[in-house]
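To start, the structure itself, in structure tokens.
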Amino acid sequence: MKTIKCTILLFMLVGGYVFSQEKEEQTNKTTFATKIIHNSVAGFYPIFLGNFETNKNYDITFYTIFWTNPSFGNLPSGSDLLLETAVGLGFKFFDNSLYVNPSFGITSGKFSSNSTGTKIAEGIVPSLYVNYQTNLIDFEGYISYYKSIREDDDILTKDYLLNWIAPGIHVSKRLVTGLFYESFGVTRQEEGDPLLVYQWLGGSLKLKFDKGIAFRISMGATLNTDAGTSDEFYKVSAFIPL
């Protein structure tokens, strides 16, 4: 009888622990996704994104961008490529319609300098991502500033600004059409004036699939460039929760 009681007590303790663990997992959820992008200037680059829900009014987020363009490192080998990693906070407003995600990250490589090789924490990257979703509106926007912080007497440094917006309208549950604008430029360089690499404006088509998967294709005209980029642009991205 004593053995039976001990066994029942043990099952109750184990069951209570499992229930508490399941409840905690339901309360504090995590998500992980990848976003794969290819455009006509930067080329191909994958992004990993993570989200940790908390019991506060914000989530803890992170992302890592693996820039693969050889010109962002040593040519022609493509070594010392730019690696961008950041953490941030995600805030939800208006019954989760509006999502605001400021982040702060570091870059490693030689993207912001003429260094001969990789420099860890070569620069910092404050950024802001905004997403607004309703039955009618689909809006995404992003801005980031690449600030060099590793300055030596024999190394020339640069700072960059990247921003894009994609306002759209739901044609149906699966289809969003709208506009796409993006610009990228050098805001400061030690030997030279600020330089606008490109300024794009065009149309955008976004397809939404099950399980949060989304595919966007944008293309249009280059409004302005100081770097001799093409008169036209394209950008394709796929967001895939894992």
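Checked against the criterion of being within 30 Å of HIS170 (Cα to Cα) and crowded, with 19+ Cβ neighbours inside 10 Å, the candidates SER127, SER113, SER148 yield just one match: SER127.
Right, LEU196: under 30 Å from VAL171 (Cα atoms), out of contact with any helix residue (DSSP H, G or I) (no Cβ under 7 Å at 6 or more places or on another chain) and either in a strand (DSSP E or B) or at pLDDT 95 or above (or both) or not? Taking the combined requirement at face value, the residue does not satisfy it. Between TYR234, TYR160, the distinction of being surrounded by 17 or more Cβ atoms within 10 Å (Cβ to Cβ) and in contact (Cβ under 8 Å) with a residue 12 or more places away in the chain belongs to TYR160 only.
Here is a yes/no grid of residues against (1) over 21 Å from THR107 (Cα atoms); (2) in contact with an Asp or Glu (Cβ under 6 Å, 6 or more places away or on another chain); (3) of a type outside the set (A, V, I, L, M):
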site: LEU161; (1), (2), (3): no, no, no
site: TRP164; (1), (2), (3): no, yes, yes
site: PHE180; (1), (2), (3): yes, no, yes
site: THR187; (1), (2), (3): no, yes, yes
site: GLU190; (1), (2), (3): no, no, yes
site: LEU195; (1), (2), (3): no, yes, no
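Is it the case, given these coordinates, that GLY168 is under 28 Å from ILE240 (Cβ atoms), buried (at least 17 other Cβ atoms within 10 Å of the Cβ) and at pLDDT 95 or above? Against the criterion (under 28 Å from ILE240 (Cβ atoms), buried (at least 17 other Cβ atoms within 10 Å of the Cβ) and at pLDDT 95 or above), GLY168 qualifies. Scan the range 213-226 and tell me whether some residue there is under 20 Å from TYR129 (Cα atoms), in contact with a strand residue (DSSP E or B) (Cβ under 8 Å, 6 or more places away or on another chain), β-branched (Val, Ile, Thr) and outside any strand (DSSP E or B). Scanning the range 213-226, I find at least one residue that is under 20 Å from TYR129 (Cα atoms), in contact with a strand residue (DSSP E or B) (Cβ under 8 Å, 6 or more places away or on another chain), β-branched (Val, Ile, Thr) and outside any strand (DSSP E or B), so the answer is yes.
Restricting the first member to the range 60-71 and to residues that are farther than 16 Å from LYS110 by Cβ, and the second to residues that are outside any strand (DSSP E or B), the beta-carbon pairs closer than 7 Å and six or more apart or on different chains are ILE60/THR54. Listed by position, the strands (runs of 3 or more DSSP E) contained in the range 34-93 that have at least 3 residues being β-branched (Val, Ile, Thr), under 18 Å from the mean Cα position of the chain (by Cα) and under 24 Å from ILE120 (Cβ atoms) are 59-66. Taking each residue of the range 132-151 that is outside any strand (DSSP E or B) and looking for partners that are among the acidic types (Asp, Glu) with beta-carbon atoms closer than 8 Å, six or more apart or interchain, yields ILE149/GLU122; ARG150/GLU122.
For the range 74-96, the candidate set comprises residues that are modelled with pLDDT under 95 and among the polar types (S, T, N, Q); within that set, the residue that is nearest to ASN114 (Cα to Cα) is ASN74.
The values are calculated or read from the model by the stated rules, or taken from the named source; none is laboratory data. Worth saying up front: this structure is predicted, and the values here are computed from it rather than measured. Virtual Cβ from ideal backbone geometry, glycine too; neighbours counted across all protein chains shown.
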